[in-house]
């Protein structure tokens, strides 16, 4: 039912190449349906993003000494997972098209 409201990827529609976020919406749906392994395989950055969002909400109510460093570390980790995932997708894309 939620699949009806998903937004199409403009990058994939226009250029035929996936973007950094491709698979994210489907992974969120799979996550909320309880398909945790499938959500990870669809978009590996789903769990670092959830962890980052949970920490940001937690940090709204509870402040502590090194919260800024934790935020920066989580952002860097999430970005790294996204870049590695994208690199892997592009490697597969190149292998399939050549």
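The values are calculated or read from the model by the stated rules, or taken from the named source; none is laboratory data. Because the structure is a prediction, the values reported are computed rather than measured. Every residue, glycine as well, gets a Cβ built from its backbone with ideal geometry; the counts of neighbours run over all protein chains shown.
Below, the figures for the structure above:
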{"read-out": "Helices (runs of 4 or more DSSP H) contained in the range 1-44 and holding at least 2 residues surrounded by 17 or more Cβ atoms within 10 Å (Cβ to Cβ), at pLDDT 85 or above and in contact with a helix residue (DSSP H, G or I) (Cβ under 6 Å, 6 or more places away or on another chain)", "value": "24-32, 36-42"}
{"read-out": "Pairs with Cβ under 8 Å, 6+ apart, first in the range 18-31 and at positive phi, second crowded, with 17+ Cβ neighbours inside 10 Å and not in a helix (DSSP H, G or I)", "value": "23/43"}
{"read-out": "Odd one out for residue 68, checked against (1) loosely packed, with under 14 Cβ neighbours inside 10 Å; (2) more than 30 Å from residue 97 (Cα to Cα); (3) touching a residue at least 12 places away in the same chain (Cβ under 8 Å)", "value": "(3)"}
{"read-out": "Unmet criterion (only one of (1) closer than 22 Å to residue 18 by Cβ; (2) loosely packed, with under 12 Cβ neighbours inside 10 Å) for residue 63", "value": "(1)"}
{"read-out": "Residue that is out of contact with any helix residue (DSSP H, G or I) (no Cβ under 8 Å at 6 or more places or on another chain) and farther than 18 Å from residue 12 by Cβ, where the choices are 55, 64, 93, 77", "value": "64"}
{"read-out": "Residue 53 vs. criteria loosely packed, with under 11 Cβ neighbours inside 10 Å and part of a helix (DSSP H, G or I)", "value": "no"}
